[in-house]
Amino acid sequence: MANKLNAEDRAKLEHVRRVLKEIKPQRRHLIPVLQTVQGILSYLPSQAIKLVAQSLKINPSEVYGVATFYNQFRLNPPGRHPVRICLGTACHVKGGEIILEHFERKLEIKEGQTTPDREFSIDRVACVGCCALAPVALMGETLHGNMMTSKVEGLILRVQIEKEKSERERQANESK
């Protein structure tokens, strides 16, 4: 559960500390507090769980238990390019599980995880409502229907090429 926080997350954690000072230490505030903290950090690192526990005067294991019980909470940071694979009935029947496994292999992470560079994260979703396009994957907010394993590498490569292009443009602008 231990997350190594980057500089941006450490700054956000300081904001969380200030927000928590304004909340009465009552267990009944736990879910709204977790939602607020996740709204600030985009996920719930172990450091935030400890802060919430201290603030509400409850055991960190209780906070962790609630955070892991509800699927709205993330314990890992989301990637800049979240990949969500639909595994509703139509997508499951048409090979959604194989698409998920292919993303996991290509990105070298498992469902619920984020790549070390925080570029990608993978999650399964129950249904995105596009059953006629099954199997479906979402990359960011872009829907990709009729997914095949051969499309997975191209989607990942497209993001990596865009990142490299942006980096080159940034370096060119800095050298002017």
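The values are calculated or read from the model by the stated rules, or taken from the named source; none is laboratory data. Just so you know, these numbers come straight off a predicted model, no measurement behind them. No Cβ is skipped: glycine too gets one built from the backbone with ideal geometry, and neighbour counts run over all protein chains shown. Just the protein is used for accessible areas: all its heavy atoms, side chains included, with ligands, DNA and RNA removed. Shrake-Rupley method; radii C 1.70, N 1.55, O 1.52, S 1.80 Å.
Within the range 7-34, count every residue that is open to solvent by less than 10 Å² (accessible area, probe 1.4 Å) and of a type in the set (S, T, N, Q).
Matching residues across the range 7-34 total 0.
Give me a count of the residues in the range 68-115 that are under 17 Å from the mean Cα position of the chain (by Cα) and of a type in the set (Asp, Glu). Give the steps one after another, and end with the answer.
Of the range 68-115, the ones under 17 Å from the mean Cα position of the chain (by Cα) are 68-86, 100, 103-104, 107-115.
Filter once more, so that each one left must be of a type in the set (Asp, Glu): 104, 108, 111.
Total meeting the criteria: 3.
Would you mention how many residues in the range 51-81 are in contact with a strand residue (DSSP E or B) (Cβ under 6 Å, 6 or more places away or on another chain) and surrounded by 17 or more Cβ atoms within 10 Å (Cβ to Cβ)? Let's see the steps before the verdict.
Step one: of the range 51-81, the residues in contact with a strand residue (DSSP E or B) (Cβ under 6 Å, 6 or more places away or on another chain) are 76-79, 81.
Among the residues that remain, those that are also surrounded by 17 or more Cβ atoms within 10 Å (Cβ to Cβ) are: 76-77, 79, 81.
The total comes to 4.
How many of the residues in the range 24-83 are outside any helix (DSSP H, G or I), basic (Lys, Arg) and either in contact with a His (Cβ under 6 Å, 6 or more places away or on another chain) or under 18 Å from Lys12 (Cβ atoms) (or both)?
First pass over the range 24-83, keeping only residues outside any helix (DSSP H, G or I): 24-26, 42-45, 57-59, 70-83.
Subset that is basic (Lys, Arg): 24, 57, 74, 80.
Next, only the ones that are either in contact with a His (Cβ under 6 Å, 6 or more places away or on another chain) or under 18 Å from Lys12 (Cβ atoms) (or both) stay: 74, 80.
Count: 2.
Pairs please, first residue from the range 22-36 and under 13 Å from Lys57 (Cα atoms) and in contact (Cβ under 8 Å) with a residue 24 or more places away in the chain, second anywhere and outside any helix (DSSP H, G or I) and open to solvent by 60 Å² or more (accessible area, probe 1.4 Å), Cβ atoms under 9 Å, 6+ apart in sequence or on different chains.
Short answer, once both residue conditions are applied: Pro25/Lys57; Gln26/Lys57; Arg27/Lys57.
Take Lys106 and decide whether it is assigned to a helix (DSSP H, G or I), open to solvent by 80 Å² or more (accessible area, probe 1.4 Å), under 30 Å from His29 (Cα atoms) and in contact with a helix residue (DSSP H, G or I) (Cβ under 6 Å, 6 or more places away or on another chain). Quick ask: steps written out before the conclusion?
Details: assigned to a helix (DSSP H, G or I): yes; open to solvent by 80 Å² or more (accessible area, probe 1.4 Å): yes; under 30 Å from His29 (Cα atoms): no; in contact with a helix residue (DSSP H, G or I) (Cβ under 6 Å, 6 or more places away or on another chain): yes.
Taking the combined requirement at face value, the residue does not satisfy it.
Just the residues that are open to solvent by less than 40 Å² (accessible area, probe 1.4 Å), of a type in the set (Ser, Thr, Tyr) and under 14 Å from the mean Cα position of the chain (by Cα), please, taken from the range 35-50.
First, the residues of the range 35-50 that are open to solvent by less than 40 Å² (accessible area, probe 1.4 Å): 37-38, 40-41, 43-46, 48-49.
Pick out the ones that are also of a type in the set (Ser, Thr, Tyr) and you get 43, 46.
Tyr43, the sole residue that qualifies.
Report yes if Gln171 is surrounded by 12 or more Cβ atoms within 10 Å (Cβ to Cβ) and either outside any strand (DSSP E or B) or in contact with a helix residue (DSSP H, G or I) (Cβ under 8 Å, 6 or more places away or on another chain) (or both), otherwise no. Lay out the reasoning, then the answer.
On the way: surrounded by 12 or more Cβ atoms within 10 Å (Cβ to Cβ): no; either outside any strand (DSSP E or B) or in contact with a helix residue (DSSP H, G or I) (Cβ under 8 Å, 6 or more places away or on another chain) (or both): yes.
So Gln171 does not fit the description; no.
Being part of a loop (DSSP other than H, G, I, E, B) and open to solvent by 50 Å² or more (accessible area, probe 1.4 Å) is the filter here; which residues of the range 129-142 pass it?
Keep residues of the range 129-142 that are part of a loop (DSSP other than H, G, I, E, B), which gives 129-130, 134-136, 140-141.
Those that are part of a loop (DSSP other than H, G, I, E, B) and open to solvent by 50 Å² or more (accessible area, probe 1.4 Å): Gly129, Glu141.
Restricting the search to the range 109-128, which residues are in a loop (DSSP other than H, G, I, E, B) and either open to solvent by 30 Å² or more (accessible area, probe 1.4 Å) or without any contact (Cβ under 8 Å) to a residue 40 or more places away in the chain (or both)? Talk me through it step by step, then tell me what you get.
The initial filter retains those residues of the range 109-128 that are in a loop (DSSP other than H, G, I, E, B), namely 109-113, 115-119, 126-128.
Correct list: Ile109, Lys110, Glu111, Gly112, Gln113, Thr115, Pro116, Asp117, Arg118, Ala126, Cys127, Val128.
List every residue pair whose Cβ atoms sit under 9 Å apart, with the two residues 6 or more apart in sequence or on different chains, where the first one lies in the range 4-15 and is under 15 Å from Lys50 (Cβ atoms) and the second, anywhere, is of a type in the set (D, E, K, R) and surrounded by 10 or more Cβ atoms within 10 Å (Cβ to Cβ).
Hits for this filter: Leu5/Lys12.
Considering only the range 143-168, state which residues are under 21 Å from Thr115 (Cβ atoms) and in a loop (DSSP other than H, G, I, E, B).
Hit for the range 143-168 is Met147, nothing else.
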